[in-house]
Amino acid sequence: MTINVGDKVPQATFKYLSPEGPKEISSAELFGGKKVALFAVPGAFTPTCSQRHLPGYVERAGDIKGRGVDTIACVSVNDAFVMGAWGKDQKVGDKVMMLADGSGDFTKAMGLELDLTKGGLGVRSQRYSMLVENGVVKAINIEKPGQFDVSSAETMLKAL
C-alpha cells in the first residue's frame, strides 16, 4: 500500500557517507521534530537523476531552506558509498543529505518500489518527492514511471 498525505513515515534506517566513513540515521532521527523535503530517485548516476532531479534540488536548496525546511534529503536504493560518490560528483556539499536505502527497506515500507529487473537494475524506488513535518507526510508527488515533472525542486517550492 502506498503512503499518503497524513500518514506517518515508516521506521527505517538509512546509511550515508560522512568524512569518517559510513554512518546510520533512523527515520525517527531524520524526520522527528523537523520539516524535511525528501526526494527519491531510481538510481544514482542515472541520466534524469543526474542531469535534472538532483541538480534542481542543489540549485534551489537556499530557496527551499529559506521557506522553513530543515533538511533536504535524496534517497535511492543504492549503497552509502555510491550515494557519497554521486553527491561528490554533483557537488552537493551540505545542501542535500545523500541517503542510501541499500536493501530498499524504506522504499518497500513506503509502497513505492519499482521493479526494473528487466532492464538489469533490480528493484528500485519510484521517483517521488514528499514534504514531511515531524514524521507526518504533508505532501507527496509520485511520478509515473519514466516521467520527471511533479517531483522537481520547483514543485516542492510551490508546496511550501
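FYI, it's all coordinate maths here, none of it is from the lab. In this text the structure is predicted, and so the values were computed from the model without any measurement. Please note: Cβ atoms are built from the backbone with ideal geometry, for glycine as well, and neighbour counts cover all protein chains shown.
To the nearest 20 debye, what charge dipole does segment 13-159 have about its Cα centre, counting +1 at the Cβ of each Lys and Arg and -1 at the Cβ of each Asp and Glu?
280 debye
Using a Gaussian network model on the chain with a 10 Å cutoff between Cα atoms, which of Thr107, Thr46, Thr117 fluctuates the most?
Sorting by GNM fluctuation, first place goes to Thr117.
Within the chain, which is the longest segment containing none of the trypsin sites (Lys or Arg not before Pro) that sit in a DSSP loop and have at most 15 other Cβ atoms within 10 Å?
Between the exposed loop sites, the longest stretch runs 92-160.
Choose one answer from Ser50, Ser125, Ser26: the residue with the largest mean-square fluctuation in a GNM of the chain with alpha-carbon springs under 10 Å.
Top of the fluctuation ranking is Ser26.
If you line up the Cα atoms of segment 1-61 on their principal axes, what length do they span on each, largest first, in Å?
34, 31, 23
So, R0 is 25 Å and r is the distance between the beta-carbons of Thr155 and Ala28; what FRET efficiency does that work out to, to 0.05?
Once the sixth-power term is evaluated, E becomes 0.40.
Which value in nm describes the separation of the simple spin-label points at Ala139 and Asp7, placed 7 Å from the Cα toward the beta carbon?
A separation of 1.9 nm, rounded to one decimal place.
Could you identify which residue out of Leu121, Leu131, Leu30 has the top mean-square fluctuation in a GNM of the chain using Cα springs shorter than 10 Å?
Largest GNM mean-square fluctuation: Leu121.
Given Gly66, Phe14, Gln90, which one lies farthest toward the positive end of the charge dipole of segment 13-159, if we put +1 on the Cβ of every Lys and Arg and -1 on the Cβ of every Asp and Glu?
Sorting the options by dipole projection puts first Gly66.
Need the full-extension length gain, Thr46 to Ser18, defined as separation in residues times 0.36 nm minus the C-alpha distance. One decimal, nm.
Between Thr46 and Ser18, full extension yields an extra 7.8 nm.
Please state the shape class of segment 112-160: rounded when a/c is under 1.5, otherwise prolate if a/b exceeds b/c and oblate if not, all from the C-alpha gyration tensor.
Judged from the Cα gyration tensor, segment 112-160 comes out oblate (a/c at least 1.5, b/c at or above a/b).
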